[in-house]
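Heads up, the thing below is written out as structure tokens.
FYI, it's all coordinate maths here, none of it is from the lab. Keep in mind that this is a model prediction, so the values were computed, not measured. For neighbour counting, all protein chains shown are included, and Cβ atoms are generated from backbone atoms with ideal geometry for every residue, glycine included.
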Amino acid sequence: MTSAPPGTQAAQLDIKAAYRCIPTLFTHQPHLVVSLTCDDGDVDIFIDRCHPFGLRSSGGNLGLALDATLDFMSASLNISFWAKWVDDIVAIRHRGPEGTSDVQLSDIVSRFEYLGWPLSMDKVFDFNTIVTYLGFLWDFDQKTVALPEAKRAKYSNRIEQWLVNARNSSSGVTREETECLLGTLVHVAFIHPAGRSFTPSTQHFVASFSKQPLFGLSERKHRFVRRFPAHNAISDISVWRELLSIPHASRTLEPRPIVDPGVWVDASSEWGLAIVVSDQWRAWKLVSGWKKDRRDIGWAESVALELAIRHLIATGHTKVTITVRSDNQGAIGQYNKGRGGNVPTNECIRRSVAIMMDASIDIAPEYVRSEDNRADGPSRGRDLNNDWRLPHVFGIPEALKSFIADV
């Protein structure tokens, strides 16, 4: 989408009862027999000759058939690109020099019908610069993706109901309700990436259900047992409520230019942490007693990344993606996911994401071996030549003042 030329348009199609369009191999039909007891007591046997919803192989077999169909379409129509998720299909066309295209929606519909694919015509929409796909609005002209207002209202109500039940001493919430809510938040985080760091506490709450004894209940019934989430889970969901109160929220898909000012970060549990920019360094000593309340070397590595981000913003970087090198794959993975494995690390990532959004920058963490990391020495108190010290363009964040000190 980001590379689509001006005038690009997309049409939306939907296969009606898609799985039912896939016949079942005759020798497999005995495995899809259903016994039905009638009101008069007689038993009827129903043989399902088509793929049912929920059959593990249904998705793959449907995908094979649709892939072949779209290959045929591409060979006979001037379609630039197809996007497909199960039964939702988007056809993308590029406009010619005169602003016209020889591909019309009727051409596509007629070919689907000829090949035996029934379409849900109430879900078929003609070519436009804005298309709905995967529950989002994709705008080719503006290069943005947005959450439809109807979806926003639906998800906001889901959050509100969960919070009401979570705070009600006579109610509580079920695992089923919480999993549904969590799935919603993970989906919407594509529009609100800052919200990713506000999901781990809810994930931990979901996991806590399986850690409790069943007391004779079946696994299915256990999913509907009501429990009360911890305060941090309620607090995080409240943040999501605020995010989803923003109308017409969208996210730009325009790629930012990648710059590499030569940034290296590292942390050492026995000494401290450091950043190196080009050939200059800045280091911080870890304060005695820092390693408690789940703060560990992973947290320290994440703090080093946060301090590098603060330096880059303070020195004027904006509207770019910046390469930052680290030798800790865990810290890199957590930054890429937008959430940490424990509360202190997650809070660190949360602060970093907030200031990066304000400055309109991203980082592209890149893994390097420890022996190749230029920040390795300074993080251990070595190679600290005052002539190569970075200027102090930012102060230690208030949340970190009890754990690190300037060198």
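The table that follows gives values for the structure above.
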| quantity | calculated |
| --- | --- |
| Chain lengthening between S120 and K143 when straightened (0.36 nm per residue, less Cα-Cα) | 5.5 nm |
| Estimated inter-spin distance, V109 and D406, nm [label 7 Å along Cα→Cβ] | 6.9 |
| Equivalent ellipsoid, the chain (semi-axes from 5 times Cα gyration tensor eigenvalues, Å) | 48, 32, 20 |
| Shape metrics for segment 23-92, restricted to C-alpha atoms - Rg then Dmax, Å | 17.9, 58 |
| Candidate lysines - alpha carbon under 17 Å from K84, same-chain residues fewer than 8 apart omitted | K16, K123 |
| Three-way shape label, segment 149-251, alpha-carbon gyration tensor, a/c 1.5 | prolate |
| Relative contact order for the chain, counting Cα pairs under 8 Å that sit 6 or more residues apart, in percent | 15 |
| Three-way shape label, segment 163-214, alpha-carbon gyration tensor, a/c 1.5 | prolate |
| Farthest toward positive dipole pole in segment 47-172 [+1 Lys/Arg, -1 Asp/Glu at C-beta], among I159, F72, A83 | I159 |
| Residue exposure sequence - I355, I159, I237 - by fewest surrounding Cβ within 10 Å | I355, I159, I237 |
| Three-way shape label, segment 51-174, alpha-carbon gyration tensor, a/c 1.5 | oblate |
| Proximal lysines relative to K291, as straight alpha-carbon distance under 19 Å, when same-chain residues fewer than 8 apart are discounted | K401 |
| Fewest-first ranking of K84, K291, K319, using other Cβ atoms within 10 Å as the exposure measure | K319, K291, K84 |
| Stokes-Einstein D (µm²/s) once Rh is taken as the Kirkwood radius of segment 258-406 over alpha-carbon pairs, at 20 °C in 1.002 mPa s | 143 |
| Per-residue Cβ neighbour rank within 10 angstrom, fewest leading, C180, C348, C38 | C38, C180, C348 |
| Sequence-separation-based contact order of segment 9-142, relative, with Cα cut under 8 Å and 6+ spacing, percent | 37 |
| Relative contact order (%) - segment 149-251, alpha-carbon pairs under 8 angstrom, separation at least six | 44 |
| Listed pairs K151/K337; K285/K319; K151/K319 exceeding 26 Å between Cα atoms | K285/K319; K151/K319 |
| Net charge dipole size for segment 261-398 [Lys, Arg +1 and Asp, Glu -1 on Cβ; Debye, nearest 20] | 320 |
| Helix runs (DSSP H) in the chain reaching 20 Å along axis by Cα, Kyte-Doolittle at least -1.0 | 58-76, 297-314, 343-359 |
